[in-house]
Amino acid sequence: MLEKPFKIFQSRTLRDVIEINVYGVCAYLGRKLSMPSKRVRLFFIYTSFIALGSPIIIYLILTFVLNLRYMINNKRNPVWDI
C-alpha cells in the first residue's frame with residue numbers, strides 16, 4: 001500500500017516539482033515560442049543578472065496574467081451550483 005505513493009513521488013523529477021511551483025511561466029512561453037522551457041529559464045536568469053533584476057518584474061507580471069487566465073478559464077457555471 002505504501003509502494004504506490006512512493007513510486008509516484010519517486011517518478012517526479014526536480015524539474016517537474018519546480019515547474020508546478022513556479023506557475024509554469026517558462027513552460028507557457030516555451031510552448032508559445034516553440035522552444036524548450038529550459039532555454040526560456042536560462043534567458044530569464046541571464047537577463048536578470050545583466051539588467052539588474054528587471055526581468056523578474058516581467059516574470060511576476062506574466063505569473064499574475066497566467067493565473068488570472070487560468071482562473072477565468074476554469075470558472076464554474078453558476079447554473080450547476082444549485
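Throughout, read-outs are computed from the coordinates displayed, never taken from laboratory work. Predicted, not measured: the structure shown is a model, and the values here were computed from it. All Cβ positions, glycine included, derive from the backbone under ideal geometry; neighbour counts span all protein chains shown.
Brief remarks on what is shown
- A simple rule links phi to the HN-Hα coupling: the Karplus curve 6.51 cos²θ - 1.76 cosθ + 1.60 with θ = phi - 60°, which for region 24-31 gives x, 5, 5, 5, 5, 5, x, 5 Hz, with x for Gly and Pro.
- Amide hydrogen proximity for Gly24: with H placed 1.01 Å from N in the peptide plane, no residue at 5 or more positions away or on another chain lies under 5 Å.
- Between Thr63 and Thr13, the FRET efficiency estimated from the beta carbon spacing at R0 = 25 angstrom works out to 0.70.
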